[in-house]
Amino acid sequence: MNSTLEITHHSPEIVSVVLNRPDSGNALSGEILLRLLEFLEEIERQNEVRILILRGEGKNFCGGIDLREVLESEEKATEMFSQVVKLFVKLRQSPAVVICAAQGGAFGGGAGLIASGDLSIAATDLKLGCPEVLRGFDPVLLFPLFRRKLSDSALRQLLLTGQPIDASRAKEIGLVQYVVEKESLQTSAFKLAEQIRKADPNAVRQAKLMLSANERTMYGISLEDEFQQSLQVHLASWKTETAQERVRDFFRK
């Protein structure tokens with residue numbers, strides 16, 4: 001693998017997308033965000049891909065947005081956080097069924113990718129968390145996704161403590177549907193994709209449209225509009241001196 005994002009068409013209907021920055025915990029760089037968004041727009045236009053499998057190379061799934069890039073400037077932070085919000089919405093509303101196959105660490109935006117998927121498979125070593133409160137900024141960016149999937153109790157555990165949960169707890173609260181041994185993670189993802197491929201394409205697409213429509217109205221505000229509100233709050237807290245210093249301190253350690 002030479003690219004930071006590997007896209008492989010296993011058939012006209014099944015595509016795998018692999019985050020390939022293992023030395024950086026597969027953090028979401030500006031390049032990865034841009035390429036992911038372009039690819040999702042492409043499969044929307046072509047309307048041929050039915051199942052998208054999202055994986056991470058190496059020992060971790062995704063460590064979230066690349067904070068080193070975000071720290072470069074206020075403009076860069078605004079651009080990248082805006083892109084990650086757009087990515088979550090695109091994944092959630094994609095005509096393709098999105099399967100996340102996650103191992104190791106899935107933090108911040110990595111947890112958001114799992115929440116954005118239709119179905120998620122976790123390796124037994126998964127650790128999933130939202131460490132924003134530990135970094136000094138408001139844990140609001142993933143709230144529109146999480147509150148549509150989780151109970152109040154699970155929300156409080158993730159957002160108030162900033163501590164990670166393991167694979168069994170992630171399954172218990174509904175963030176993942178399956179837990180498998182790490183060695184069988186990829187095989188399990190393709191087996192699930194094949195089960196979906198055998199279903200009637202039109203019926204599956206109608207089911208996704210129905211689920212997306214329900215998501216737009218269940219709280220009286222669309223997912224897109226709520227994300228825009230959360231983004232503004234998140235950006236304001238990110239720009240504080242406390243948040244900037246805590247993140248820099250995190251990298252120093």
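Remarks
- Residue pairs meeting the criteria (Cβ under 8 Å; at least 6 apart or on separate chains; first more than 20 Å from G117 (Cα to Cα), in the range 211-233; second loosely packed, with under 12 Cβ neighbours inside 10 Å and at pLDDT below 90): none
Per-residue answers, yes or no, for (1) of a type in the set (A, V, I, L, M, F, W, C); (2) part of a helix (DSSP H, G or I):
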{"residue": "E6", "(1), (2)": "no, no"}
{"residue": "V18", "(1), (2)": "yes, no"}
{"residue": "E31", "(1), (2)": "no, yes"}
{"residue": "L34", "(1), (2)": "yes, yes"}
{"residue": "L37", "(1), (2)": "yes, yes"}
{"residue": "L40", "(1), (2)": "yes, yes"}
{"residue": "I43", "(1), (2)": "yes, yes"}
{"residue": "E48", "(1), (2)": "no, no"}
{"residue": "L52", "(1), (2)": "yes, no"}
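- Residue match in the range 1-8 (condition: in contact with a strand residue (DSSP E or B) (Cβ under 6 Å, 6 or more places away or on another chain) and without any contact (Cβ under 8 Å) to a residue 12 or more places away in the chain): yes
- Only one of the numbered conditions (1) assigned to a helix (DSSP H, G or I); (2) out of contact with any Leu (no Cβ under 9 Å at 6 or more places or on another chain) is violated by E72, and that is (1).
- Helices (runs of 4 or more DSSP H) contained entirely in the range 94-179, each with at least 3 residues that are more than 19 Å from E57 (Cβ to Cβ), open to solvent by less than 60 Å² (accessible area, probe 1.4 Å) and of a type outside the set (G, A, S): 132-135, 143-146, 152-161
- Among the residues making up the range 215-253, those that are outside any loop (DSSP other than H, G, I, E, B), within 15 Å of F146 (Cα to Cα) and touching a Lys or Arg at 6+ places or on another chain (Cβ under 7 Å) are E215, L223.
- Beta carbons closer than 8 Å, at least 6 apart along the sequence or on distinct chains, pair a first residue in the range 73-89 that is more than 12 Å from L223 (Cα to Cα) with a second that is open to solvent by 50 Å² or more (accessible area, probe 1.4 Å) and part of a helix (DSSP H, G or I) for Q83/L34.
- Test: residue in the range 217-231 that is at positive phi, loosely packed, with under 14 Cβ neighbours inside 10 Å and at pLDDT below 95: yes
Table: residues versus (1) open to solvent by less than 10 Å² (accessible area, probe 1.4 Å); (2) modelled with pLDDT of 95 or more; (3) under 15 Å from the mean Cα position of the chain (by Cα).
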| site | (1), (2), (3) |
| --- | --- |
| E6 | no, yes, no |
| E13 | no, yes, no |
| P22 | no, yes, no |
| N26 | yes, yes, yes |
| E38 | no, yes, no |
| E41 | no, yes, no |
| R45 | no, no, no |
| L52 | yes, yes, yes |
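- Some residue of the range 178-187 being under 18 Å from C130 (Cα atoms) and under 22 Å from the mean Cα position of the chain (by Cα): no
The values are calculated or read from the model by the stated rules, or taken from the named source; none is laboratory data. Being a predicted model, the structure only gives us computed values, none of them experimental. Don't worry about glycine lacking a Cβ; one is built from the backbone with ideal geometry, like all the others, and counts go over all protein chains shown. Each accessible area value is taken on the protein alone, full model and side chains, heavy atoms only, with ligands, DNA and RNA left out. Shrake-Rupley method; radii C 1.70, N 1.55, O 1.52, S 1.80 Å.
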